[in-house]
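The values are calculated or read from the model by the stated rules, or taken from the named source; none is laboratory data. Just so it is clear, the model here is predicted, and its values are computed rather than measured. Ideal geometry is used to build each Cβ from the backbone, glycine not excepted, and the neighbour counts take in all protein chains shown.
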Amino acid sequence: MSKSRIRIVLEMIKFEHSVFALPFALVGALLAARAGGSLPSWRQVLWIVVAMVGARSAAMTMNRIADLEFDRRNPRTSNRALPSGELTPGFAWTFTIIASALLVFAAWQLNPLALELSPVALAILFFYSYTKRFTAWSHFVLGLCLGMSPAAAWIAIRGSLDWRMLILCAAVTLWVGGFDVLYACQDIEFDKAAGLYSIPKKFGIARSLLIARAMHMLMIGLLAWLAWSFHLAWPAWAGIAVVAGLLGYEHSLVKPNDLSKINAAFFTVNGYISLLFLLFWGAAAVVMRP
């Protein structure tokens, strides 16, 4: 594959946005390992990263395949790789199959439960691609797609699931769903014309911004509950404060009559949120008592 083809593929799957989910998965892995009195092995971390990359690559490519006709009609997305003809649907399907196989192989390298659940994860990831056709709450399904990552990482380390990971899953679901609501405000007119569903289309931009704000406030509450349930040290609480501050800044960038800074809110701020969360909570997990 040529360098230009690789660049196009990485752009199609928005590879750089892997930073959104991967830090939360690594925190789940750290908490799981520390609960057992150790740290994750490099082998475990490697296969967790491989599984995450495979899952996200398959999900993003499937989303582009499913939305091909909509992407062609939407001026904001018509220059993407598939609608513009830079990549063919056949190539996209092949890439999806390879990425899915990579996830399953990585899960096999981790433990039997991870392998058994890998098809379930793929089913949820692929299901999201069709949800905007029938429900305004598709943002929550997208959130779940990334929100599964901490639980998946815990299973990868321990071969079982602690109920407390569901708190972190819910927090990530609300975080992702909330900023997807913000992002969807850009497409409200297209969604109306195309017959697609979204929270902005259902409630309008002003109310949607309030809904996203409420989702992020609830996320902060869930993170506090999780930190308390694991008896985490002060870095975790400092991390929650940092995340809350950045979410507040994110919402200050987006106004009902001004969506010009939506990309800064969506990409830049959320990238900082996930990386700083890993920094602070990673430190708290390392020093926690088993």
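Take the residues in region 124-152 that are touching a Leu at 6+ places or on another chain (Cβ under 7 Å) and within 15 Å of ILE48 (Cβ to Cβ); name whichever of them is surrounded by the most Cβ atoms within 10 Å (Cβ to Cβ). That would be PRO150. A count restricted to region 135-167 and to residues that are under 21 Å from GLN44 (Cα atoms), hydroxyl-bearing (Ser, Thr, Tyr) and in a loop (DSSP other than H, G, I, E, B) stands at 1.
What do you reckon, is TRP237 of a type in the set (Phe, Trp, Tyr) and out of contact with any Gly (no Cβ under 7 Å at 6 or more places or on another chain)? So TRP237 passes the test.
When ALA81 is tested against the conditions (1) closer than 24 Å to PHE127 by Cβ; (2) free of Cβ contacts under 8 Å to residues at least 60 places away in the same chain, the lone failure is (2). Looking only at residues that are of a type in the set (A, V, I, L, M, F, W, C) and crowded, with 17+ Cβ neighbours inside 10 Å in region 67-85, which one is modelled with the highest pLDDT? Looking at the filtered set, the residue picked out is PHE70.
When region 209-246 is limited to residues that are among the small types (Gly, Ala, Ser) and crowded, with 23+ Cβ neighbours inside 10 Å, the one that is nearest to the chain's Cα centre (by Cα) turns out to be ALA212. Summed over region 254-268, the residues that are within 21 Å of the chain's Cα centre (by Cα) and more than 25 Å from LEU168 (Cβ to Cβ) give a count of 5.
Restrict the check to region 25-44 and report whether at least one residue is more than 30 Å from VAL287 (Cα to Cα) and either out of contact with any strand residue (DSSP E or B) (no Cβ under 8 Å at 6 or more places or on another chain) or among the polar types (S, T, N, Q) (or both). The answer is no; no qualifying residue exists. Just give me the residues in region 99-134 being closer than 30 Å to ILE188 by Cβ and either acidic (Asp, Glu) or not in a helix (DSSP H, G or I) (or both), in sequence order. Passing the criteria: SER129, TYR130, PHE134. The helices (runs of 4 or more DSSP H) falling completely within region 191-290 that include 2 or more residues that are among the charged types (D, E, K, R) map to 199-203, 205-229.
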